[in-house]
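Data first, discussion second: the structure below is written as structure tokens.
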Amino acid sequence: MGVHCDIRFTNSTHGTYLSGQRLTGHVQLKLTEAKKFNEISLRILGYSNVQWSQKRGQGRRRRTVYFTAKRDHLSSMKVLVESQQSGTPTELPAGEHIYEFACELPPQLPTSFEGSYGHCRYTAQVVMDRPWKFNLTYRVGFTVIQPLDLNVQPPSIRVPTRMDDARVFCCAFWRTKPLYVRVTVPCTGYVPGQAIPLTIDLNNHSSRTIEGVNMKLLQEITYNAEYPVKKTRHETHTIVKHIGDGVGGESQKQYEQRLVVPTVIPTCGSQNLINVSYRLHMTVRVAGCGSDPVLEIPLIIGTIPLVFYQPETVAIPAEASTSANAGFSFGSVAHHLPTSSKPAGGLEREGTLPPEYLPPPTYEEAMNAAAVVITDDTDTNAIGTKPYVPLYPSYNFNDIQWPPLPPMAQQPPLPSIANAPADVATAKPVQRIASVPAPAVDARKSPADAVASKMRDGSEPELFGISS
């Protein structure tokens, strides 16, 4: 064919950018012989798209319904080579041709993501319009990350979170003594590469054996379709799992366990077509019949780790994120890119810098990520493309606990068998999953309710209304 094209990003080794950052690069075009072109253009595109199908109806009325949604985030084009004033094609001589470009990314771009039922994707595409021939195209993908600084999140993520569960088990008219379970985490905000320290308390007054504690870090993805009607689809992945120790009957045990967060996409808010959230899920496996206690704690995965001693912060000026500065820059000509409106209340995002001794993150592929082909209907005559996998920040803490956590407040002890109330010890076993936040003890305690579940954020009230 005699045409070779490549797009290289000059200010990012792996083509990864933060929203609001300046993207620079160049288009390299190599010709083995002289070629004529009506136009050569560069297009920077960003969009979110979700799609899935479901079967509806029965028999002859059975049909397939497609649920879809698409939202454009970024769209701009710059002509690299144009036809002559007379309208005749421009002839490029054989050899190498370099065209530099720069682009200011809008500050509110959502994070790149590739999922089973949708994606948020950013690409740079070169389109070569040839006279009397099909267009040639070349496309590469790049990653955009919406920064999520844990230090500017609500203060509640810094507070130790505790989940408690009490359970009795029965078989016909026989009922066991209670099992008390407690799981504590020092905070609820983490970054990839950081360890989540868990403290597990098992106080087993029953005769049942606790076989183990299944600990999982779950990633929940929500896809939001808008056509033909609004509909959501959920997808859950286990990204970290570990089986902790159990305990025998009529005994107790306390131990600590660390779960390291792998490289994953940061938590994404509910305003996007694709939302990503995380939660810690623990199941206490009890031998014999009956339901196993289940506890869950929502977590936030960010891009900048928590520091309990606030480092220096740098405020991003409001004028730096206005649409007047967003766009391609070719010499003195700028073509503006769309930007979102100013946040309600006039708030400006502040970028909190980690301490100087905290190394910068590396950018890695997400766990279990697979390369995808990013061509679409406009690439009918593509002369090449690169496999694309989004890259996300990950920190290397060298097996140390970060941040250095402040001492946790003294936790009230689990109830001893002597202080276990009669209604708990003889109640019918019913499973409860405590939710966060839950500032008050479950008021539905009765002889028919075997579980009282509660989350405490560093407070010191009595557990289950029982004095120790």
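Taking chymotrypsin sites (Phe, Trp or Tyr not before Pro) across the range 122-204, the ones in a DSSP loop with at most 14 further Cβ atoms lying within 10 angstrom of their Cβ are W132, F134, F173. Couplings 3J(HN,Hα) for the range 44-56, derived from phi with the Karplus relation 6.51 cos²θ - 1.76 cosθ + 1.60 (θ = phi - 60°), are 9, 10, x, 7, 10, 9, 10, 6, 7, 10, 9, 7, 10 Hz, where x marks Gly and Pro.
Please work out how much length the chain gains when fully extended from C289 to T209, using 0.36 nm per residue of separation minus the C-alpha to C-alpha distance, in nm with one decimal.
27.7 nm
Note that the range 20-34 has calculated 3J(HN,Hα) couplings of x, 8, 8, 9, 10, x, 8, 9, 10, 10, 10, 10, 7, 8, 4 Hz, one per residue in order, obtained from phi through the Karplus relation 6.51 cos²θ - 1.76 cosθ + 1.60 (θ = phi - 60°); glycine and proline are x. Residues whose amide H falls under 5 Å from that of T16, counting only those 5 or more places apart or on a different chain, are T143, with hydrogens built in the peptide plane. Between the amide H of E364 and those of Y392, S394, distances stay under 5 Å, these residues lying 5 or more places away or on another chain, with hydrogens modeled in the peptide plane.
Placing pseudo-labels 7 Å out from each Cα toward the beta carbon at Q58 and Q153 gives an inter-label distance of 4.7 nm. Given their separation in residues at 0.36 nm each and the Cα-Cα distance between them, H4 and K386 gain 136.2 nm when the chain is fully extended.
Using only the Cα atoms of the range 114-226, build the gyration tensor, take square roots of its eigenvalues as a ≥ b ≥ c, and label the shape rounded, prolate or oblate: rounded if a/c is under 1.5, else prolate if a/b is larger than b/c, else oblate.
prolate
Placing E33, E104 in order of accessible area, with the largest value first and a 1.4 Å probe, yields E33, E104. Counting Lys and Arg as +1 and Asp and Glu as -1 over every other residue whose Cβ lies under 13 Å from the Cβ of T68, the net charge comes to +4. Starting from the Cα of Q84, step 7 Å toward the Cβ, then list every residue of the range 30-59 with an amide N under 15 Å from that point. Within reach of a label on Q84, which here means backbone N under 15 Å from a point 7 Å along Cα→Cβ, the range 30-59 contributes 35-39.
Under the shape rule built on the C-alpha gyration tensor, where the axes satisfy a ≥ b ≥ c, the range 51-115 is prolate, since a/c reaches at least 1.5 and a/b is greater than b/c. If R0 is taken as 56 Å, the Cβ-Cβ distance between T13 and V65 corresponds to a FRET efficiency of 0.80.
Averaging the sequence gap over all C-alpha pairs within less than 8 Å and six or more residues apart, then dividing by the number of residues, gives the range 147-277 a relative contact order of 25 percent. Each label was represented as a point 7 Å from its Cα along the Cα-to-Cβ direction; for A371 and A34 these points are 3.8 nm apart.
Ranked by solvent-accessible area (1.4 Å probe, protein heavy atoms only, all chains present), the residues L299, L148 order from largest to smallest as L148, L299.
Note on T161: accessible area approximately 0 square angstrom, rounded to 10, probe 1.4 Å, nucleic acids and ligands left out. Of the cross-linked pairs K30/K386; K70/K386; K55/K386; K70/K216; K70/K133; K36/K386, those separated by over 28 Å at the C-alpha level are K55/K386; K70/K216; K70/K133.
K35 sits among other residues whose Cβ lies under 11 Å from its own Cβ, and their net charge, with Lys and Arg +1 and Asp and Glu -1, is +2.
The values are calculated or read from the model by the stated rules, or taken from the named source; none is laboratory data. Computed from a predicted structure; not experimentally measured. Using ideal geometry, Cβ is built from the backbone for each residue, glycine included, and neighbour counts are taken over all protein chains shown. Ligands, DNA and RNA are stripped out before the accessible areas are found, and what is left, the full protein with its side chains, is counted by its heavy atoms. Shrake-Rupley method; radii C 1.70, N 1.55, O 1.52, S 1.80 Å.
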